[in-house]
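**Q** Okay, handing you the structure first.
The values are calculated or read from the model by the stated rules, or taken from the named source; none is laboratory data. All values derive from a computational prediction rather than experimental measurement. Don't worry about glycine lacking a Cβ; one is built from the backbone with ideal geometry, like all the others, and counts go over all protein chains shown.
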Amino acid sequence: MYELVMTPFRRLAITRTAPIGFVFWFGFGLSVGVLMVANSQLTGDQVQMLNLGWQLSHNHRWISHGMITSAGGFSPGGFAGLLIAAPLMLWNDYRAPALFILLLNAGAFLLLVRALRAALTPFGVQLLLVLGWLSPWHLYFAAHVWDPNFMFVFAVLHLVTAQRMAQYKETGTTAAHVLLIGLGLQVHTSVAILCILSAVLFFTGRLKVCWTGCAIGMGVCGASLVPWFLAAHQDPTLIPGDKGFLFRGLVYVYPVLRGVIYWVKLSSLSFVRRMYALDFRTVVGPVAGPYLTAAAKALLRLANVTLILSAWLQWRFFRKAYRQFVSVRPAEYRPRSWLRFYVTAMCAAALIAFALSPTTIMFWQVFIAMPASVIAVAMSAEVLARSRWKRITLRVARIWVFASAAILLSQAVAAPMYRCGGRILNGSRPMLEDLHVRLECLEHS
């Protein structure tokens, strides 16, 4: 077993076939994700999200808007309801959409690995596994029902289509790129960061746009929004943006700094409070539970040190990428050079969005940037692995993967979202009963 789990970090070479260690750790993450799905609980946000799909699958009523936004109103369009209804039609259970989200995230991660194989070293690809797939930030929010939990998927699809558009001018790729942005905005408004990113890539000559494909994508998106426009005409409260004011981030500064902190956190083992509010008493009993809880929380506090490491690696990455970013004339497409520019442009787009945001930035609004944040750390760390810091880099990677595994297992059974009695809920009882929600696990307010 020791040889199996250490294989990814034994050497900096990899064969064309997937290494045993990579498959093992990917399977481990997927297994923990399935356990999280099985244990997933509900709160108000999850009930609202489920209701969008349940109304369509059970009552054949398609709601023309998505979830409520931080700025007030609702996300425009009904695509979020379709995403939740589809798995409910296959399995009428509240965990069906959660399993669907997990599988989408798994597929997106494998697609990301395939797309970046030419741009990263073998060790860099292995770091994607550790920092991306096995990250508690990723799996914790990929195993329950919530609209931001789809953002990893949309971010990966944006990167993959943008990478293709950097090389080829194709109708289908351009249409897909525009479509995923338009439909993504219907799921969560943080996809606006991808809109800004695409504009940056286009105006710096890093995207080859087929205008026919662009028109097709915009046409489909526009058609999908017709029901929402009609509903918003009747009820203006559906329109998002009635709270706060534009450029709030620039006026108060702190919202932008808060977004930067979350960017760094997403590639570390430093978490928000809800992720480490652990309680093992329902798992191992009232005697051993408090001791196990104290040990798990001690590990999480120690893991906060990784925030410093992530910030340092991010600084090294952007220090090197700055010169390329300010260059207006793009060089001939080179996978690594283009990826470095893409990540830097994503950071710039995120900063613009943070400055424009009418509300204070919350962590879920930065999920869309997680792949870029992870890639920045991976690219910086793989450079260290080819220097005199090689031995230390490999040792830290080993510690990181086992710490992530321990944290994930503790969250899967003891975090509020994944333990019985950990959430407070008021919801529609007929829907909850129809979707086989374990009502005995819910604390009603």
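**Q** List pairs: first in the stretch 284-300 and under 14 Å from residue 271 (Cβ atoms), second assigned to a helix (DSSP H, G or I), Cβ under 6 Å, 6+ apart or cross-chain?
**A** 296/410; 300/276
**Q** Among the numbered criteria (1) in a helix (DSSP H, G or I); (2) at pLDDT 85 or above; (3) in contact with a Ser or Thr (Cβ under 9 Å, 6 or more places away or on another chain), which one does residue 257 miss?
**A** It fails just one condition, (3).
**Q** Let me ask another. Any residue in the stretch 417-429 that is in a helix (DSSP H, G or I), modelled with pLDDT of 90 or more and among the hydrophobic types (A, V, I, L, M, F, W, C)?
**A** Here is the first cut: in the stretch 417-429, the residues in a helix (DSSP H, G or I) are 417-418, 429.
Subsequent filtering for residues that are modelled with pLDDT of 90 or more retains 417-418.
The next check asks that each one be among the hydrophobic types (A, V, I, L, M, F, W, C); those that pass are 417.
Yes, there is a match, as at least one residue in the stretch 417-429 is in a helix (DSSP H, G or I), modelled with pLDDT of 90 or more and among the hydrophobic types (A, V, I, L, M, F, W, C).
**Q** Okay, next question. Please state which one of 171, 189 is surrounded by 22 or more Cβ atoms within 10 Å (Cβ to Cβ), among the polar types (S, T, N, Q) and either at pLDDT below 95 or over 27 Å from residue 275 (Cα atoms) (or both).
**A** Working: 171 fails: surrounded by 22 or more Cβ atoms within 10 Å (Cβ to Cβ).
Of 171, 189, the one residue that is surrounded by 22 or more Cβ atoms within 10 Å (Cβ to Cβ), among the polar types (S, T, N, Q) and either at pLDDT below 95 or over 27 Å from residue 275 (Cα atoms) (or both) is 189.
**Q** A follow-up question, please. So, of the residues in the stretch 344-366 that are of a type outside the set (S, T, N, Q) and surrounded by 24 or more Cβ atoms within 10 Å (Cβ to Cβ), which turns out to be modelled with the lowest pLDDT?
**A** Taking the stretch 344-366 first, the residues of a type outside the set (S, T, N, Q) are 345-356, 358, 361-364, 366.
Adding the requirement that they be surrounded by 24 or more Cβ atoms within 10 Å (Cβ to Cβ) leaves 346, 350, 353-354, 361, 366.
Numbers: 346: 97, 350: 96, 353: 93, 354: 93, 361: 88, 366: 96.
Top of the filtered list is 361.
**Q** Pairs please, first residue from the stretch 34-51 and farther than 18 Å from residue 88 by Cα, second anywhere and surrounded by 18 or more Cβ atoms within 10 Å (Cβ to Cβ) and among the charged types (D, E, K, R), Cβ atoms under 8 Å, 6+ apart in sequence or on different chains.
**A** 43/423
**Q** Right, something else. Taking the stretch 368-388 on its own, how many of its residues are more than 18 Å from residue 120 (Cβ to Cβ) and surrounded by fewer than 24 Cβ atoms within 10 Å (Cβ to Cβ)?
**A** Just the residues of the stretch 368-388 that are more than 18 Å from residue 120 (Cβ to Cβ), to begin with: 368-369, 388.
Now restrict to residues that are surrounded by fewer than 24 Cβ atoms within 10 Å (Cβ to Cβ): 388.
Residues flagged as more than 18 Å from residue 120 (Cβ to Cβ) and surrounded by fewer than 24 Cβ atoms within 10 Å (Cβ to Cβ) within the stretch 368-388 amount to 1.
**Q** Also: From the list 205, 219, exactly one residue is of a type outside the set (Phe, Trp, Tyr), on the phi > 0 side of the Ramachandran plot and out of contact with any helix residue (DSSP H, G or I) (no Cβ under 6 Å at 6 or more places or on another chain). Which is it?
**A** Values: 219 fails: on the phi > 0 side of the Ramachandran plot.
So the residue among 205, 219 that is of a type outside the set (Phe, Trp, Tyr), on the phi > 0 side of the Ramachandran plot and out of contact with any helix residue (DSSP H, G or I) (no Cβ under 6 Å at 6 or more places or on another chain) is 205.
**Q** Then there is this: Is at least one residue of the stretch 158-166 surrounded by fewer than 23 Cβ atoms within 10 Å (Cβ to Cβ) and closer than 23 Å to residue 26 by Cβ?
**A** Yes, some residue in the stretch 158-166 is surrounded by fewer than 23 Cβ atoms within 10 Å (Cβ to Cβ) and closer than 23 Å to residue 26 by Cβ.
**Q** Could you figure out which of (1) surrounded by fewer than 20 Cβ atoms within 10 Å (Cβ to Cβ); (2) at pLDDT 95 or above; (3) not in a helix (DSSP H, G or I) isn't true of residue 143?
**A** Unmet for residue 143, out of (1) surrounded by fewer than 20 Cβ atoms within 10 Å (Cβ to Cβ); (2) at pLDDT 95 or above; (3) not in a helix (DSSP H, G or I): (1).
**Q** What number of residues within the stretch 58-82 satisfy the criterion of being in contact with an Asp or Glu (Cβ under 9 Å, 6 or more places away or on another chain) and part of a helix (DSSP H, G or I)?
**A** Of the residues in the stretch 58-82, 2 are in contact with an Asp or Glu (Cβ under 9 Å, 6 or more places away or on another chain) and part of a helix (DSSP H, G or I).
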